[in-house]
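**Student:** Got a structure for you, written out below as structure tokens; questions coming shortly.
Values quoted throughout were computed directly from the atomic coordinates according to the rules given, and no laboratory measurement underlies them. Keep in mind that what you see is a predicted model, and the values were worked out from it rather than measured. Neighbour counts are summed over all protein chains in view; Cβ atoms, including those assigned to glycine, are modelled from backbone coordinates with ideal geometry.
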Amino acid sequence: MAHHRIDHHRIDIDRLFHALGDPTRRTILDALVERPQSVSRLAEPLGVTVTAVMQHLQILEEAGLVRTEKLGRVRTCRIEPAGFRVLEQWIRDHRTAWERKLDKLGQLLAEEDSS
């Protein structure tokens, strides 16, 4: 996994949902919210191999949710906010659209009641 800057305009929402759809990856994210951690430290409580954690981290990194960097022999992982910003914007956009539709439905029902 190469350390690279995430362009949040290029993050794919399908990739984000795929990354978040796996319980092991969500557990990794939960651990990283606390503090940056090494791959081996992430693997310990999960009961999986370092290789398996690396595969999960690659998916999380491609989705813009995690950033990793290697310092010497230790690969450290941390939360990357870019993917979360894209996800928040997607939720905000969809929530706003649904709120408008529900407001419109409420107005139509109110008009029907007053008729």
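**Student:** Tell me the label only: which of [x] 11.1; [y] 9.9; [z] 9.2 is mean projected area of the Cα convex hull in nm² as calculated from this structure?
**Tutor:** Comparing each candidate, only [z] matches the computed number.
**Student:** Check which residues have an amide H placed less than 5 Å from Ser38's amide H, if you skip close sequence neighbours.
**Tutor:** Cys77
**Student:** Note down the net charge around Asp93, summing +1 for each Lys or Arg and -1 for each Asp or Glu among other residues with Cβ under 14 Å from its Cβ. Show your work: numbers first, answer last.
**Tutor:** Details: positive: Arg85, Arg92, Arg95, Arg100, Lys101; negative: Glu88, Glu99.
Counting the neighbours of Asp93, the net charge comes to +3.
**Student:** Now for a different question. Count charges around Leu105 for me, please; just the other residues with Cβ under 15 Å from its Cβ, Lys/Arg as +1, Asp/Glu as -1. Mind dumping the intermediate values first?
**Tutor:** Details: positive: Arg100, Lys101, Lys104; negative: Glu99, Asp103, Glu111, Glu112, Asp113.
Result for the neighbourhood of Leu105: -2.
**Student:** Which value, in debye to the nearest 20, gives the size of the charge dipole of region 13-113 about its Cα centre, when Lys and Arg are +1 and Asp and Glu are -1 at the Cβ?
**Tutor:** Working: 16 positive and 16 negative charges, 143 e Å.
That gives region 13-113 a dipole magnitude of about 680 debye.
**Student:** Cα centroids of region 74-108 and region 36-64: how far apart, whole angstrom?
**Tutor:** Each part reduced to its Cα centre gives a spacing of 26 Å.
**Student:** Taking θ = phi - 60°, what integer Hz values does the Karplus form 6.51 cos²θ - 1.76 cosθ + 1.60 yield along region 25-31, in sequence order, with x for Gly and Pro?
**Tutor:** So the Karplus estimates, Gly and Pro as x, are 5, 5, 5, 4, 4, 4, 5 Hz.
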